[in-house]
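Asker: Have a look at this one before I ask anything.
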Amino acid sequence: MNTLSVNALTKSFGRKIVLDNVDLSCQAGEILGIFGRNGCGKSTLLKLLFGTMKADSIRLSFNSKTIAPNTVIPDGQIGYLPQDPFLPKNLKVRDIIPLYYNGNEQDKVFHSPGIEKMANTRAGNLSMGELRYFELLLVGHLPHPFLMLDEPFSMVEPLYKDLIKELLFELKAKKGIIITDHYYDDVFSVTDRNLMLKDGKILNINDRNDLAAHGYLPSETE
């Protein structure tokens, strides 16, 4: 079973320590949720693992074999869906798919639920739900053994939240997935395990009560 492990991850911006000796792991067949307030370092964590931002210190390993963060992208170990849209706005959906897949491999995106009706729409004219779902289809079906998603449910209409969840369960069969998002009910509905970033440290989260206990949500008595 594929395992991605991160140890001794530290990142500071000036005097502010955002990530303080963080350890975490994710296995194939698992969806891991990471919660945290704005500015706590969730997106920074994903960028550090993806290698587009440099850590102060990090030990990254794949199946117990140490890998350098700057090899993650060229070696294709981790796929990454960032917060911000990244598709060319002027291209139609049907013309974007061949940029990611060749030949018959395009079918797994073209034949996905909901794609036929948006095939002739330019990416810049898609709703937020359509766009996030399409982006996830493109990134998720690539052969990376691990996938990181930064706010896949944010501002997404219910229909496409459901399609995204169905897709995540499909992808989970062969990948390990890490999700960060403030829509905690949606995250809880798909995750196997959850963590929270607070004051640079990782905390284990079991349910909504734990989020309230750590100040992420109001307590029920408030």
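Asker: Within the set of pairs 6 or more residues apart or between chains, which connect a residue that is free of Cβ contacts under 8 Å to residues at least 40 places away in the same chain inside segment 95-111 to a residue that is among the charged types (D, E, K, R) and assigned to a helix (DSSP H, G or I) with Cβ atoms less than 7 Å apart?
Answerer: none
Asker: (1) part of a helix (DSSP H, G or I); (2) exposed (fewer than 14 other Cβ atoms within 10 Å of the Cβ): which one isn't true of PRO113, the others all being true?
Answerer: Going through (1) part of a helix (DSSP H, G or I); (2) exposed (fewer than 14 other Cβ atoms within 10 Å of the Cβ) one by one, PRO113 breaks only (1).
Asker: When you go through LEU159, LEU136, LEU211 one by one, which is the residue that is in contact with a Pro (Cβ under 9 Å, 6 or more places away or on another chain), assigned to a helix (DSSP H, G or I) and more than 22 Å from VAL6 (Cα to Cα)?
Answerer: That would be LEU136, the only listed residue that is in contact with a Pro (Cβ under 9 Å, 6 or more places away or on another chain), assigned to a helix (DSSP H, G or I) and more than 22 Å from VAL6 (Cα to Cα).
Asker: Answer yes or no as to whether LYS89 is basic (Lys, Arg) and in contact with a helix residue (DSSP H, G or I) (Cβ under 6 Å, 6 or more places away or on another chain).
Answerer: yes
Asker: Let me ask something else. What residue, among those in segment 170-201 that are acidic (Asp, Glu) and in a loop (DSSP other than H, G, I, E, B), is farthest from ILE78 (Cα to Cα)?
Answerer: Step by step, filter segment 170-201, then rank; the result is ASP199.
Asker: May I pose another question? Looking only at residues in segment 34-60 that are of a type in the set (A, V, I, L, M, F, W, C) and free of Cβ contacts under 8 Å to residues at least 60 places away in the same chain, which one is surrounded by the most Cβ atoms within 10 Å (Cβ to Cβ)?
Answerer: The extreme case among them is LEU48.
Asker: Check whether at least one residue in segment 50-64 is part of a helix (DSSP H, G or I) and modelled with pLDDT of 90 or more, and report yes or no.
Answerer: Yes, segment 50-64 has at least one match.
Asker: Let me ask something else. I'd like to know if segment 107-121 contains one or more residues that are of a type in the set (Phe, Trp, Tyr) and closer than 30 Å to THR44 by Cα.
Answerer: No, because not a single residue in segment 107-121 is of a type in the set (Phe, Trp, Tyr) and closer than 30 Å to THR44 by Cα.
Asker: Also, I was wondering about something else. List, please: which pairs have Cβ atoms under 6 Å, are six or more places apart or on different chains, and start with a residue in segment 202-217 that is over 14 Å from PHE188 (Cα atoms) and without any contact (Cβ under 8 Å) to a residue 12 or more places away in the chain and end with one that is aliphatic (A, V, I, L, M) and in a strand (DSSP E or B)?
Answerer: As it stands, the answer is LEU203/MET196, since those pairs meet every condition given.
Asker: Which residue pairs have Cβ atoms closer than 7 Å, lie 6 or more positions apart in sequence or on different chains, and pair a first residue in segment 63-90 that is under 16 Å from LEU136 (Cα atoms) with a second residue that is outside any loop (DSSP other than H, G, I, E, B) and among the acidic types (Asp, Glu)?
Answerer: Going by the 7 Å Cβ cut-off, the qualifying pairs are LEU81/GLU135; LEU81/ASP150; PRO82/ASP150; GLN83/ASP150; LEU87/GLU135.
Residues are listed down the side, and each one gets a yes or a no for (1) buried (at least 20 other Cβ atoms within 10 Å of the Cβ); (2) charged (D, E, K, R); (3) more than 21 Å from ILE164 (Cβ to Cβ):
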position	(1), (2), (3)
GLY176	yes, no, no
HIS182	no, no, no
ASN194	yes, no, no
LYS198	no, yes, yes
ASN204	no, no, yes
ASP207	no, yes, yes
LEU217	no, no, yes
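Asker: Would you pick out the residues in segment 19-31 that are surrounded by fewer than 21 Cβ atoms within 10 Å (Cβ to Cβ), part of a strand (DSSP E or B) and at negative phi?
Answerer: ASP20, ASP23, LEU24, SER25, GLN27
Asker: State all residues of segment 128-168 that are surrounded by fewer than 22 Cβ atoms within 10 Å (Cβ to Cβ) and basic (Lys, Arg); if no residue qualifies, say none.
Answerer: Those that are surrounded by fewer than 22 Cβ atoms within 10 Å (Cβ to Cβ) and basic (Lys, Arg): LYS161, LYS165.
The values are calculated or read from the model by the stated rules, or taken from the named source; none is laboratory data. Since we're looking at a predicted model, the values are computed, not measured. For neighbour counting, all protein chains shown are included, and Cβ atoms are generated from backbone atoms with ideal geometry for every residue, glycine included.
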